[in-house]
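Step one of this worksheet: look at the structure below.
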Amino acid sequence: MLTSILHIVIILLWFIIAASVMYVCFYAVASLIKKGKRKEEIGDRKEERKATFLVLFPAYHEDAVIVHSVEEFLKADYPNDLYHVVIISDHMADETNQKLGSLPITLLQPTFEKSSKAKALQHAIKNVKNIGNIDYVVILDADNVVRPDFLTCLNEVCQRGYQAIQCHRCAKNSDNDIAVLDGVSEEINNTIFRRAHNNIGLSSALIGSGMCFDYHWFCEHVGLLNSAVEDRELEAMLMKENVFVKFENDIPVYDEKVSNSDNFQRQRLRWMNGQFQTLLLMLPYLPKAFVKGNINYIDKTVQQALIPRSILLVLTITLTITTTILTFTGTVSLTLTIIWWALFIILCLSLFIAMPARLRSHAVFSRLAYLPQLVWHMLANLFKIDHKNKDFLHTTHGKKD
């Protein structure tokens, strides 16, 4: 009797984990497909026209990084009269605000009782309507650094008619094991949830910064944001309206990766909270999405139900080893061990395919020894998830262990 129950539990766990593994595997393979051109990219391109950009830097307690990021952005090779930088300075020091005030930007200094990035964006849009005609809004984090040709390259993409663009966010630091693994994780995300999706005609996922939206669309929707995961909310709105999100792999946005375990745990808790909240947010519309054949919305809803990859990897190998041991003791059948090993191999191959070739090195793989400790922090977060919690969990930048 106990053996039969154990078999059923192991099989159920296999199917649950296999669903996430197969999703990762499908898009890892899809990333190898040569991307075709969408209708918007076919035909005449209005390369001579230059769009006007509103660039928003929400900054909450970001004194360590914001000034440098803005100074680097202002080195843009784009015409000065065609972009306007706005800093939303929330709870930053007077010295920082004085430095920012000396730059050719607009400095807003709201005082929120409970701060969030969504509130900062809403405040900015309410207070910049006198700037003039704006075509697109760009959202960057306080630690993001871009190249001088960032707006020039972004403008070329905008002229193809896209309303939503996600640039290639990548690591600007590799200080220690955590930062390296965080950077590798983000690149795998870029492959699976962005490039691979675009390759087969589906929308890219958003990532919170390095995002560009049609200004009028953004103004109409930013007021609806009501959580600490504004990028997932925006994504749900875009998918509901069937607005395609373009991923631009060749427009990098350099992002500071977390370099200590406390920040890692805080960041992942925010993401896991957001994933759960977004799943609950998107589920009610799912039946209508099926009726309308809205594949993008269905796909994004499925994404919210996936097991986080790091936890997925550790769970798979743990259960594979456990099943193997139980097979040797005669408790479970050899067939169960074989299907678990097959699942683990498929997952490893999928992650290897999704990892950019430049990261497939001994220097990177040697950092995997730190992964179990990080996963332990993530598992601890499972007991802290609160779908009603809308408080913003800040990740400190510019501080190392």
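The values are calculated or read from the model by the stated rules, or taken from the named source; none is laboratory data. Treat the numbers as computed from the prediction; the structure is a model and nothing was measured. For neighbour counting, all protein chains shown are included, and Cβ atoms are generated from backbone atoms with ideal geometry for every residue, glycine included.
Of the residues screened, Q122 is one that is of a type in the set (S, T, N, Q), under 24 Å from N226 (Cα atoms) and assigned to a helix (DSSP H, G or I). May I ask you to verify whether L269 is at pLDDT below 90, within 30 Å of N144 (Cβ to Cβ), surrounded by 20 or more Cβ atoms within 10 Å (Cβ to Cβ) and of a type in the set (A, V, I, L, M, F, W, C)? Against the criterion (at pLDDT below 90, within 30 Å of N144 (Cβ to Cβ), surrounded by 20 or more Cβ atoms within 10 Å (Cβ to Cβ) and of a type in the set (A, V, I, L, M, F, W, C)), L269 qualifies. For the range 319-334, state whether one or more residues are in a helix (DSSP H, G or I), closer than 30 Å to V180 by Cα, touching a Phe, Trp or Tyr at 6+ places or on another chain (Cβ under 7 Å) and at pLDDT below 85. Within the range 319-334 (the criterion being in a helix (DSSP H, G or I), closer than 30 Å to V180 by Cα, touching a Phe, Trp or Tyr at 6+ places or on another chain (Cβ under 7 Å) and at pLDDT below 85), the answer is no, since none of the residues qualifies.
Considering (1) over 30 Å from the mean Cα position of the chain (by Cα); (2) farther than 17 Å from L13 by Cβ; (3) hydrophobic (A, V, I, L, M, F, W, C), the lone condition that I321 does not fulfil carries the number (2). In the list E48, E40, which residue meets the criterion of being part of a helix (DSSP H, G or I) and modelled with pLDDT under 95? Going through E48, E40 in turn, the sole match is E40. V137: part of a strand (DSSP E or B), under 22 Å from the mean Cα position of the chain (by Cα) and at negative phi, yes or no? Against the criterion (part of a strand (DSSP E or B), under 22 Å from the mean Cα position of the chain (by Cα) and at negative phi), V137 qualifies. On the stretch given as the range 282-302, residues that are within 20 Å of the chain's Cα centre (by Cα) and either buried (at least 19 other Cβ atoms within 10 Å of the Cβ) or among the basic types (K, R) (or both) total 5. Return the residue satisfying two criteria in turn: it lies in the range 80-114 and is hydroxyl-bearing (S, T, Y) and farther than 20 Å from F218 by Cβ, and of such residues it is surrounded by the fewest Cβ atoms within 10 Å (Cβ to Cβ). Taking the candidates together, the pick is T111.
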